[in-house]
Amino acid sequence: MNAFTFSRARSVADALGHWHDNVRFLAGGTTLIDLMKLNVERPAEIIDINALPLAEVTRTPDGGLSIGALARNSDVAHHPDVVHDYPLLSQALRSGASVQLRNMASTGGNLLQRTRCVYFRDPAMACNKRSPGSGCAAIGGFNRNLAILGTSAHCIATNPSDQNVALTALEATIHLTGSNGERSVPIGDFYLVPGETPERETVLGPGELVTSVTLPPPAAGARSIYLKLRDRASYEFALASAAVVATVRDGTMQRVRIAMGGIATKPWRNLDVEMALQGQPATRERFTEAARILLSDAKPQSENGFKVELAKRCLVHALSLATTAV
Ligand SMILES: Cc1cc2nc3c(=O)[nH]c(=O)nc-3n(C[C@H](O)[C@H](O)[C@H](O)COP(=O)(O)OP(=O)(O)OC[C@H]3O[C@@H](n4cnc5c(N)ncnc54)[C@H](O)[C@@H]3O)c2cc1C
Ligand code: SF4
């Protein structure tokens, strides 16, 4: 680990005031400290933001929910309003990491966690994301866990988060503050596909701080599910996951929101798939067709072709669970 200076921000203004090119905000530290130990992250300064008043989970005036950037994953997962009104977010958070990690991990840090691509985490290897222009060792290398959607010739890394998949299906909004003021970004516009610049993963500007995430009011009569498929039942990242929010009336799907994880370079939403389901009977045949459309652009690598079928089955099963009347 390189030498760095450390300070504790007492206010949002204090945190923003410290900003220069090589600063990192510290929340739970479960991504940042790991990457510093590996010499992947080498900040000159760390600003601990944990004293900022950003840990609240509160109702919004329109009946939605506001989740502070420093709200811990465990607290959000077990919050009664989340469990009752946004159960797929609770399920997604509880499926991630371990109890100890979830007690530390924050909402904002989870939004910005980095890929688990092994080459990204090894400074001896070529990686365009860590070191732009150096190449991509994963293409043709160990890529079993990596993406089949949203990839480019420069990077095929998966966004590893469970939380972010649920937030995408819930159409969350991310609230930011920086030296140019405050702004709000729909989660669908927050993440970037790698293209030629895999080092840029989000639209977050230099020195911008995530302050909160808001969820719209829960859709009336909707059922939801987060289904995660992985190599073992706990403490493992998704190979494929599906977040589904669906409203079914008289056997017909009225409103469907779908996001997929574990298979793409960002939390993956395909509006064509949702349109193909809305107004249709909630049948296995329709779900299978939706999964076919969603995976039709998949570009498997040398080791992850199995994800195409796995993701299809994951989506079909999640849709079946979310649309089955209780
Ligand atoms: C062993 C292990 C297993 C894991 N398994 C899973 C899993 O199954 N599923 C899953 O989804 N995740 C998993 N994770 C990842 C874990 O969820 C993330 O590490 C965690 O959510 C990051 O949150 P944090 O608060 O610790 O972030 P930090 O490490 O503090 O920060 C992460 C990044 O975000 C930046 N940042 C933090 N807060 C803000 C803010 N408010 N504004 C702007 N920038 C900010 C930091 O500067 C840093 O760059 C696992 C992690 C580990 C170590
Ligand atoms: S897939 Fe992306 S993160 Fe992994 S080695 Fe290639 S460029 Fe780096």
Exercise. Modelled label-to-label distance, M275 and Y235, 7 Å Cα→beta-carbon offset: nm?
Worked result: 4.6 nm
For this session: Find how many whole Å separate the alpha carbon centroid of segment 154-184 from the alpha carbon centroid of segment 7-45.
Result: 19 Å
Seminar exercise, completed: In the chain, taking the dipole from +1 charges on Lys and Arg beta carbons and -1 charges on Asp and Glu beta carbons about the Cα centre, the listed residue (T288, P160, G261) farthest towards the positive end is T288
Seminar exercise, completed: Taking a probe of 1.4 Å and leaving out DNA, RNA and ligands, segment 106-151 shows per residue an accessible area in Å² of 37 Å²
For this session: Report, by chain and number, residues whose modeled amide H sits under 5 Å from the one on S106, excluding near sequence neighbours (fewer than 5 apart, same chain).
Result: G28, N73
Seminar exercise, completed: In nm, the gap between the two label points placed 7 Å beyond Cα toward Cβ at E182 and R144 is 4.7 nm
Exercise. Tell me, in nm to one decimal, what length is gained between H78 and F6 on full extension, where the rule is 0.36 nm per residue of separation less the Cα-Cα distance?
Worked result: 22.7 nm
Exercise. Just how far, in whole angstrom, is segment 289-323 from segment 51-129 if you go by their alpha carbon centroids?
Worked result: 25 Å
Seminar exercise, completed: Magnitude of the Cβ-charge dipole (Lys and Arg +1, Asp and Glu -1) of segment 223-323 about the Cα centre, nearest 20 debye, reported as 220 debye
Seminar exercise, completed: With a 1.4 angstrom probe the carbon and sulfur portion of accessible area for the chain, in percent, totals 52 percent
Seminar exercise, completed: With every protein chain kept in place and a 1.4 Å probe, the residues H78, H317, H175 fall, from largest accessible area down, as H78, H317, H175
Exercise. Summing +1 for each Lys or Arg and -1 for each Asp or Glu, what net charge is found among the other residues whose Cβ lies under 14 Å from the Cβ of I225?
Worked result: +3
Seminar exercise, completed: Of the candidates A13, S184, A137, the farthest towards the positive dipole end of the chain (Lys/Arg Cβ +1, Asp/Glu Cβ -1, centred on the Cα centre) is A137
Problem set entry | Paramagnetic reach from T58 (point 7 Å along Cα→Cβ, amide N under 16 Å) across segment 1-40 | 12
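The values are calculated or read from the model by the stated rules, or taken from the named source; none is laboratory data. A quick note: this is a predicted structure, and the numbers were derived from the prediction, not measured. Neighbour counts run over all protein chains shown; Cβ positions are idealised from the backbone, glycine included. Keep in mind that these areas ignore ligands, DNA and RNA; they rest on the heavy atoms of the full protein, side chains included. Shrake-Rupley method; radii C 1.70, N 1.55, O 1.52, S 1.80 Å.
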